[in-house]
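**Student:** Here's a structure for you.
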Amino acid sequence: MKKILTAAALATGLMTAAATPAAAAADQSKTELTMYYPISVGGPLTKVIDGMIEGFQSEHPDVTVKAVYAGNYDDTRVRALSALKSGEKVQLSVLFSIDAYDLVEQGLVLPFEDVVKTDEDKAWLKSFYPALMANSHVDGKTWGIPFQRSTIVMYYNKDMFRAAGLDPEKPPATWDEMVAAGKKLTKDGHYGLMVPSTGYPYWMFQCFAIQNGKELMSADGRHVSFDDPAVIDALSFWRSLATEHKIMPEGAIEWGTLRQAFVQGQTAMMWHTTGNLTAVKNEAKFDFGVAELPAHKQPGSPTGGGNFYLFKNASAKERDASLALIRYMTAPERAAQWSIATGYVGISPASYETDALKAYGREFPQALVARDQLKVAIAEFSTWETARVREALSNAVQAALTGRQSPEAALKAAQTTADKLLKPYR
Amino acid sequence: MSAHRFSWDGALDTAGAWTLALLWVSPLLFAVWAAFHPPGTALDFASGAPWTLDNFRTAWAAAPWLVYMRNSLLLVGFILIGQLTLCTLAGYAFARFSFPGRDILFILVLLQLFILPEVLIVENYAMTARLGLFDSIAGMGLPYVASAFGIFLLRQSFKSVPPELEEAARVEGCSWMGVLWRVYVPAARPVYLAYALISVSTHWNNFLWPLIVTNSDKTRPLTVGLSLFGAPESGADIAVIGAATMMTGAPVLLAFLIFQRHFIQAFLRAGIR
Amino acid sequence: MDDLSRYQRRRHALYGWMLLSPALILLSLFAFIPSITTLCASLMSRGTARRPSVFAGLENYADLFADPVFATVVVNNLLYAAVTVPVSVGLALVMALWANARIPARGLVRCAYFTPVMLPMVAAANLWLFFYTPGLGVIDSITGLFGIAPVNWLGQPQTALWAVMAVTVWKESGFFMIFYLAALQTIPPDLKEAAGIEGAGRLTYARRVLLPLLMPTTLFIFVNALINSVKLIDHLFILTKGGPDNASKLVLYWIWEMAFAYFDSPHAAALTILVLLLLGGVAVIQFRVLEKRIHYR
């Protein structure tokens, strides 16, 4: 009996010893940075990040970086919040581009204007695509630097186009063309078009709205125009694709399985994030094309993805080191590497001038469509109290698409909610 | 009663049990299907799609699974041993000792069952950091070690032990701890087994807290590795998820298959006295 | 004599406290203290960098009751509990009976029932996502064989919550089966024989003998299932995110959203306290009922 007890005690002791962390030797001369990042498109991407970090550390031997994979955008936000509230040391993170207003309101982040010093730095700040910087501006300052950014594009099945008598090199460029093509493509249990309405319904809806000529939010994040007639028309059009033109299934279309549906030929066209590009390329057994989204009153597509943010509670030395790290990670070579590995957009014109992306673009021209579309890209939906306002919009979209409410009633209700939420900020 | 006599009851039982079992296992069967087929054909059941091991290669290369497996084992072991120890002591205290405030304390303990840990994440994160247990197995496990569930179960179990057994042990000169070890713990063996099973399966599956409280592959468990494939923006890659699920689930399922008879027999043996 | 027994009583009490202390300390650190902090947070207003937090009393609670989403979420959760709890408990009993019966491949059957418990929710929910895919998914492929039209299980408000319920029942029943299996082992087999001799069929035996004997276990599992119907929401993140249009949103998911998506800790804290009070009440009732019904020797 005694033997058993001693053995148990020993085992527990060993386990606890294995469990508690060893005391870390602090190296005072080096600057230590901790950074959280999300992975939002699947794959062994932590290794790519690790590689980039190693490259940075070899160029900057006085800085050590701990890059922590923190889940998806939501998990990373939770992580960052918890860390900051408990006083954990974290200096920078990649977070959702649309979190900017909330992070500013909570007083957690620093504008980059406060950190850039040299002329070189200032030039770097201006070196990104303007469309990608749109989400970074709050109250006239820059709070986020693009890192993994996407935009919505239209993928289409060239084989199915050919079979339906459509020109596979001429994808529909307007709403009317898209409906006409969709009608020809919807047959034999296949649909012409699928636009996902779960996951990020507000993001998809932005496409329809801007193509009908209206941005859903003001640049200062204080006003939304959900009940504008053009916006209501846009939502009615989306709904009509299923009910009237019958080129899309009714109800909400699932974000997470849409790529599978496309790749298995259940739909001829799909609107989806460019972040899916690498996966579709690997999985599609057919000839597929990527096109800019069709225009109506004007072309347009929202951007999406994650930005680098700098946290306030960092020492001056840490801020400088963080800036150096961010500059390294967003340099054209790394941007090209990341774009090829993930399908995200190259974040600066310079990145598309690198040999890697030039070669990639030559052999895989679909990768350049997202970049070309940046000319007409708009910011992702973001306002003060962004999550609640966004939720109201998403619910309205889903209510209309599932037939629970008419587009007009749904959007008017969302507008009322949003106005109530935004009043304190006006 | 002859066990081999054909009876309609027996046949119905078998048919029913097998059908339900098949239904229940169908997601896993789908995972197997998806794992061995290229991602583009995961839902294409009719096609003569080729079988491939590529998904396993991708999944294997994506994360240090063996390290994660070790971490999961350590975590689950740490929690289980902690729970068994603490809950035995506490259950014993509630069952056989009287002290002021005992009943109120027990209700307070029960309340822990409803305390939703996900919402307390920020506070618990701060507490863990303050205790210096960040990024460690102990940090992942400590919030769960004092389990109201376990305390409740063991208290109930200990209370059902006839007092004569304790008196007999006392007569032989046992102290309080001796009585606990000699009389109560053996009597509660089926409860320990059931609780161990539940604890292990709950904490094997735990994802969010380990994700938040760890920084590195050195400490992260399997569930964190699996999350790499549940990508929200581009949508799930079911083929690789299937492969990863199989890789990480197979050893557990095999262990259950091998040891389940021992479990049941242990319940049986403890029951018949 | 009095002194001696008082001394003994005190030593007795001290011993009890000592045995209890490790558990109490941990519970305080990770459950009680954070809960009290949460209670305090629920009484403060939402602080931002521009407007620091001030004492707001019961205002957060009033806001919650005035929010239409509150009613939707509560109704959803009540319906969800009302269906998943009895179904998973009932299924658990049936599974345990089958897993205990003399059928071929019994070990494999047990393993099959327990499989969902061992799969991490991340994997399981993603697999179910592909089960529910309209047209292409596993369910629709099978029903398609019988000529039934595809259903958008997760994408319409009418079926979304039920689809989520199915996943819950799938995941939980095997878990509860273990309890019943353990309890069944303690029932002497001669009881069944005796019933057979008395001319009682299987159903009568089940109703008159088995169910009453299993009552403590049933009550216990029931309360556990009830708690889990509030606590387990991991699958929502992957399956529906509470949509479409809040059709499948459950209380804890909403709390999570408020705390971490809306950056609104005070309202999240207020709702947490409400849920705690409700479930706490259930616990006290269960404790009293169980104490009365179980015959302790």
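**Student:** Placing +1 at every Lys and Arg Cβ and -1 at every Asp and Glu Cβ, with all other atoms neutral, what dipole size does the range C:59-296 have around its Cα centre, in debye to the nearest 20?
**Tutor:** That gives a dipole near 980 debye.
**Student:** Please report Rg over Rh for chain B, where both radii come from the alpha carbon positions and Rh follows the Kirkwood definition. Walk me through the intermediate numbers first.
**Tutor:** Values: Rg = 23.5 Å, Rh = 22.2 Å.
Expressed as Rg/Rh, it is 1.06.
**Student:** Still on this structure, I have one more. Please compute the average number of Cβ atoms from other chains found within 10 Å of each residue's Cβ in peptide A:105-111. Don't skip to the answer; put the middle values down first.
**Tutor:** Working: counts 7, 6, 4, 2, 0, 0, 0.
If you average over the peptide's residues, the count of other-chain Cβ atoms is 3.
**Student:** Let me ask something else. Please state the equivalent ellipsoid semi-axes for the range C:1-42: what are the square roots of 5 times the Cα gyration tensor eigenvalues, largest first, in whole Å? Please report the intermediate quantities before stating the final value.
**Tutor:** Values: eigenvalues 245, 26, 3 Å².
The three semi-axes for the range C:1-42 are 35, 11, 4 Å.
**Student:** Taking every Cα atom in the range B:62-165, find the radius of gyration and the maximum pairwise distance Dmax, and write them in Å.
**Tutor:** Expressed in Å, the Cα Rg and Dmax of the range B:62-165 come to 16.8, 59.
**Student:** Given 4 °C and 1.567 mPa s, how large is the Stokes-Einstein diffusion coefficient of the range A:319-426 in µm²/s, with Rh as the Kirkwood radius over Cα pairs? Present the calculation step by step, with values, prior to reporting the outcome.
**Tutor:** Details: Rh = 17.2 Å.
Taking Rh from Cα pairs, D becomes 75 µm²/s.
**Student:** Another one. Sorted by average packing, counted as other Cβ atoms within 10 angstrom per residue and highest first, what order do A:348-356, A:324-332, A:382-390 take?
**Tutor:** On the way: A:348-356: 17.2, A:324-332: 20.6, A:382-390: 23.6.
Ranked from most to least packed, the peptides come out as A:382-390, A:324-332, A:348-356.
**Student:** Also: Starting from the Cα of A:Ala173, step 7 Å along the direction of its Cβ; do the same at B:Asp54; then give the gap between the two resulting points in nm.
**Tutor:** Here the modelled spin labels are 3.5 nm apart.
**Student:** Moving on. Determine, for A:Glu250, A:Glu59, the number of other Cβ atoms within 10 Å of each Cβ, and report the residues in order from fewest to most.
**Tutor:** Working: A:Glu250 17, A:Glu59 10.
Lowest to highest Cβ neighbour count: A:Glu59, A:Glu250.
**Student:** A further question on this structure: Once fully extended, how much extra length lies between C:Ile25 and C:Ala105, figured as 0.36 nm per residue of separation less the alpha-carbon to alpha-carbon distance?
**Tutor:** Details: separation 80, 0.36 × 80 = 28.80 nm, distance 4.65 nm.
That pair, C:Ile25 and C:Ala105, stretches by 24.2 nm at full extension.
**Student:** Give the shape of the protein assembly as shown as rounded, prolate or oblate, defined through the alpha-carbon gyration tensor: a ≥ b ≥ c are the square roots of its eigenvalues, a/c under 1.5 means rounded, and otherwise the shape is prolate if a/b is larger than b/c and oblate if not. Before the final figure, lay out each step's value.
**Tutor:** Values: a/c = 1.88, a/b = 1.45, b/c = 1.30.
Here the protein assembly as shown falls in the prolate category.
**Student:** Here's something else I'd like to know. Using 0.36 nm per residue of separation minus the Cα-Cα distance, give me the extension gain between B:Lys218 and B:Ala61 in nm, one decimal.
**Tutor:** Numbers: separation 157, 0.36 × 157 = 56.52 nm, distance 1.65 nm.
Answer, rounded to one decimal: 54.9 nm.
**Student:** What does the range B:8-57 give for Rg and for Dmax, in Å, if only its C-alpha atoms count?
**Tutor:** That works out to 15.5, 48 Å for Rg and Dmax.
**Student:** Can I ask one more? Find the relative contact order for the range B:8-57 and round it to a whole percent, using C-alpha pairs within less than 8 Å whose residues are 6+ positions apart. Each step should come with its number before you reach the end.
**Tutor:** Numbers: 26 pairs, mean separation 13.9, N = 50.
Relative contact order comes out at 28 percent.
**Student:** Within the protein assembly as shown, what percent of beta bridges assigned by DSSP are antiparallel, to the nearest 5? Before the final figure, lay out each step's value.
**Tutor:** On the way: 28 of 43 bridges.
Percent antiparallel among DSSP bridges in the protein assembly as shown is about 65.
**Student:** Given the options A:Pro146, B:Leu74, C:Ala101, identify the residue whose Cα lies farthest towards the positive end of the charge dipole of the protein assembly as shown (+1 on Cβ of Lys, Arg; -1 on Cβ of Asp, Glu).
**Tutor:** C:Ala101
**Student:** So what is the relative contact order for chain A, in percent, with contacts set as C-alpha pairs under 8 Å and at least six apart? Mind showing how you got there, number by number?
**Tutor:** Numbers: 734 pairs, mean separation 100.1, N = 426.
It rounds to 23 percent for chain A.
**Student:** Around A:Ala377, under 13 Å between beta carbons, what's the net of Lys plus Arg minus Asp minus Glu among the other residues?
**Tutor:** Summing Lys and Arg as +1 and Asp and Glu as -1 gives -1.
**Student:** Separate question: If you stretched the chain out fully between B:His262 and B:Thr202, how much longer would it get, using 0.36 nm times the residue separation minus the C-alpha to C-alpha distance? Can you show the working numbers first?
**Tutor:** Working: separation 60, 0.36 × 60 = 21.60 nm, distance 2.04 nm.
Result for the pair: 19.6 nm of gain on full extension.
**Student:** Report the paramagnetic label zone for A:Lys187: residues of the range A:214-246 whose backbone N is under 17 Å from a point 7 Å from Cα along the Cα-to-Cβ axis.
**Tutor:** A:246, by backbone N distance to the label point.
**Student:** Taking 1 over the mean of 1/r across every pair of different Cα atoms in the range A:241-323, what Kirkwood radius in Å do you get?
**Tutor:** The answer is 16.6 Å.
**Student:** Another question, then. Which residues' amide hydrogens lie under 5 Å from the amide hydrogen of C:Thr48, considering only partners 5 or more residues apart or on another chain, with H built in the peptide plane?
**Tutor:** Result for C:Thr48 returns C:Ser53.
**Student:** A further question follows. Provide the FRET efficiency to the nearest 0.05 for the A:Tyr425-A:Asp372 pair, computing r from the beta carbons and using R0 = 41 Å. Kindly include the intermediate steps, with their values, before the conclusion.
**Tutor:** Details: r = 35 Å, r/R0 = 0.87.
Efficiency at R0 = 41 Å is approximately 0.70.
**Student:** So how do C:Trp254, C:Trp162, B:Trp33, B:Trp204 line up by other beta-carbon neighbours within 10 Å, fewest first? Don't jump to the answer; show the numbers that get you there.
**Tutor:** Details: C:Trp254 26, C:Trp162 13, B:Trp33 19, B:Trp204 22.
With the fewest neighbours first, C:Trp254, C:Trp162, B:Trp33, B:Trp204 line up as C:Trp162, B:Trp33, B:Trp204, C:Trp254.
**Student:** Now for a different question. How long are the semi-axes of the equivalent ellipsoid of chain A, taking √(5λ) for every eigenvalue λ of the Cα gyration tensor, in whole Å from largest down?
**Tutor:** Numbers: eigenvalues 319, 129, 120 Å².
The three semi-axes for chain A are 40, 25, 25 Å.
**Student:** Using a 7 Å offset from Cα along Cα-Cβ at B:Leu165, what residues in the range B:185-208 end up with backbone N under 20 Å from the label point?
**Tutor:** Only B:185-197 fall inside the zone, counting backbone N under 20 Å.
**Student:** Now for a different question. Counting each pair of different Cα atoms once, what's the Kirkwood radius of the range C:59-296 in Å, rounded to one decimal?
**Tutor:** Numbers: mean 1/r = 0.0497 Å⁻¹.
Its Kirkwood hydrodynamic radius stands at 20.1 Å.
**Student:** Measuring from label point to label point, each 7 Å out along Cα→Cβ, what is the C:Leu213 to A:Lys141 span in nm?
**Tutor:** Using points 7 Å along Cα→Cβ, the separation is 7.3 nm.
**Student:** Right, next: Could you calculate the FRET efficiency of A:Asp320 with A:Phe364 from 1/(1 + (r/R0)^6), where r is the beta carbon distance between them and R0 is 41 Å, rounded to 0.05?
**Tutor:** 0.60
**Student:** Most exposed first by the Cβ proxy, i.e. fewest other Cβ within 10 Å, how do B:Met246, C:Met258, C:Met18 rank? Provide the component values of the computation, followed by the final result.
**Tutor:** Numbers: B:Met246 20, C:Met258 24, C:Met18 12.
Fewest to most other Cβ atoms nearby, the residues stand as C:Met18, B:Met246, C:Met258.
**Student:** Along the Cα-to-C-beta direction of C:Leu79, a point sits 7 Å from the Cα; which residues of the range C:153-186 have their amide N less than 19 Å from that point?
**Tutor:** Taking a point 7 Å out along Cα→Cβ of C:Leu79, the residues of the range C:153-186 whose backbone N falls under 19 Å are C:153-170.
**Student:** Using a Förster radius of 56 Å, what is the FRET efficiency between C:Leu145 and C:Arg11 based on their Cβ-Cβ separation? Nearest 0.05, please.
**Tutor:** Numbers: r = 73 Å, r/R0 = 1.30.
The calculated FRET efficiency here is 0.15.
**Student:** Here is a further query. Give me the compactness ratio for the range C:182-292, meaning the Cα radius of gyration over 2.2 N^0.38 Å. Before the final figure, lay out each step's value.
**Tutor:** Working: Rg = 21.1 Å, N = 111, 2.2 N^0.38 = 13.2 Å.
So the Cα radius of gyration is 1.60 times the expected 2.2 N^0.38 Å.
**Student:** What is the antiparallel percent of DSSP beta bridges lying wholly in chain A, to the nearest 5?
**Tutor:** On the way: 27 of 42 bridges.
Of the beta bridges lying entirely in chain A, close to 65 percent run antiparallel.
**Student:** By what distance, in whole Å, do the Cα atoms of the range B:1-110 stretch along each of the three principal axes, largest value first?
**Tutor:** The Cα atoms of the range B:1-110 stretch 72, 53, 25 Å along their principal axes.
**Student:** Let me ask something else. If I model a spin label as a point 7 Å beyond the Cα along the Cα-Cβ vector, how far apart are those points for B:Thr85 and C:Ile36 in nm?
**Tutor:** It works out to 2.7 nm between the two label points.
**Student:** How high is the relative contact order of the range B:49-199, given as a whole-number percent (alpha carbon pairs under 8 Å, six or more residues apart)?
**Tutor:** Values: 94 pairs, mean separation 52.1, N = 151.
Once normalised by length, the contact order is 35 percent.
Read-outs throughout are calculated quantities, based only on the coordinates presented, and are distinct from any laboratory measurement. Note that the structure is predicted; figures quoted are calculated from it, not measured. So basically every Cβ, Gly included, is an ideal-geometry build from the backbone, and we count neighbours across all protein chains shown.
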